[in-house]
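The values are calculated or read from the model by the stated rules, or taken from the named source; none is laboratory data. Note that the coordinates shown come from a computational prediction; the quantities given were computed from them, not determined experimentally. Cβ sites come from the backbone with ideal geometry, for glycine too, and all protein chains shown count toward neighbours. For accessibility, only protein heavy atoms count, side chains too; no ligands or nucleic acids. Shrake-Rupley method; radii C 1.70, N 1.55, O 1.52, S 1.80 Å.
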Amino acid sequence: MTSFDCRAAAENVARFYENLTPLLLGKIDAFYAENARFKDPFNDVTGLKAITRIFEHMFDTVESPRFVITNIIADGQQAMLAWDFHLNLRDRAIVIRGVSHLSFDEAGRVEVHRDYWDAAEELYARLPLIGALMRLLRRKLSATEG
């Protein structure tokens, strides 16, 4: 039996992401364990400093980043957050859809955070040169597109 309310912990993390600013990153230790692991299509890091650097980099490289949590599923010591990540890249509005799988420690802080999203569809296909190649490959490899 867990010593914390998983649903409440997941909702706290969801609010953290929906209100994320460079200043709020200084409070990441209220939501993540000291040796938490974070993995997404571009990163695989352990520790609060490394996780914080990922989000600092996000704020440095994209314009107006913000997360909208669209669904929360919580059970035991794990939760799934479905989200839309809104950003501007070179004056283009982009929305990336994904899911975060969170595992919590006994104190209700995230100890493992794994993001699942399709970098090829959600990001690469929208870039001018790479996007054309991605669309060509998709047409060639698709069983339903002719």
> Within region 47-68, can you find the residues that are of a type in the set (S, T, N, Q) and loosely packed, with under 15 Cβ neighbours inside 10 Å?
Replying inline: THR61, SER64
>> For region 9-47, give me each residue that is of a type in the set (A, V, I, L, M) and either more than 14 Å from the chain's Cα centre (by Cα) or in a helix (DSSP H, G or I) (or both).
In response: ALA9, ALA10, VAL13, ALA14, LEU23, LEU24, LEU25, ILE28, ALA30, ALA33, ALA36
> Hey, among the residues in region 37-77 that are out of contact with any helix residue (DSSP H, G or I) (no Cβ under 7 Å at 6 or more places or on another chain) and of a type in the set (S, T, N, Q), which one's modelled with the lowest pLDDT?
Replying inline: THR61
> What number of residues within region 72-99 satisfy the criterion of being open to solvent by 80 Å² or more (accessible area, probe 1.4 Å) and not small (Gly, Ala, Ser)?
Replying inline: 7
>> If I ask for residues that are under 20 Å from LYS27 (Cβ atoms), over 11 Å from the mean Cα position of the chain (by Cα) and in a strand (DSSP E or B), which ones from region 80-111 would you list?
In response: PHE104, VAL110, GLU111
> When residues of region 48-79 are filtered for being in a strand (DSSP E or B), over 11 Å from the mean Cα position of the chain (by Cα) and not β-branched (Val, Ile, Thr), how many remain?
Replying inline: 8
>> Kindly evaluate PHE38 against the criterion of being under 22 Å from ASN88 (Cβ atoms), crowded, with 16+ Cβ neighbours inside 10 Å and not acidic (Asp, Glu).
In response: no
> So which pairs qualify, if the first residue must be in region 3-24 and over 19 Å from PHE104 (Cβ atoms), the second must be at pLDDT 95 or above and not in a loop (DSSP other than H, G, I, E, B), the Cβ gap must be under 6 Å, and the two must be at least 6 apart or on different chains?
Replying inline: PRO22/PHE59
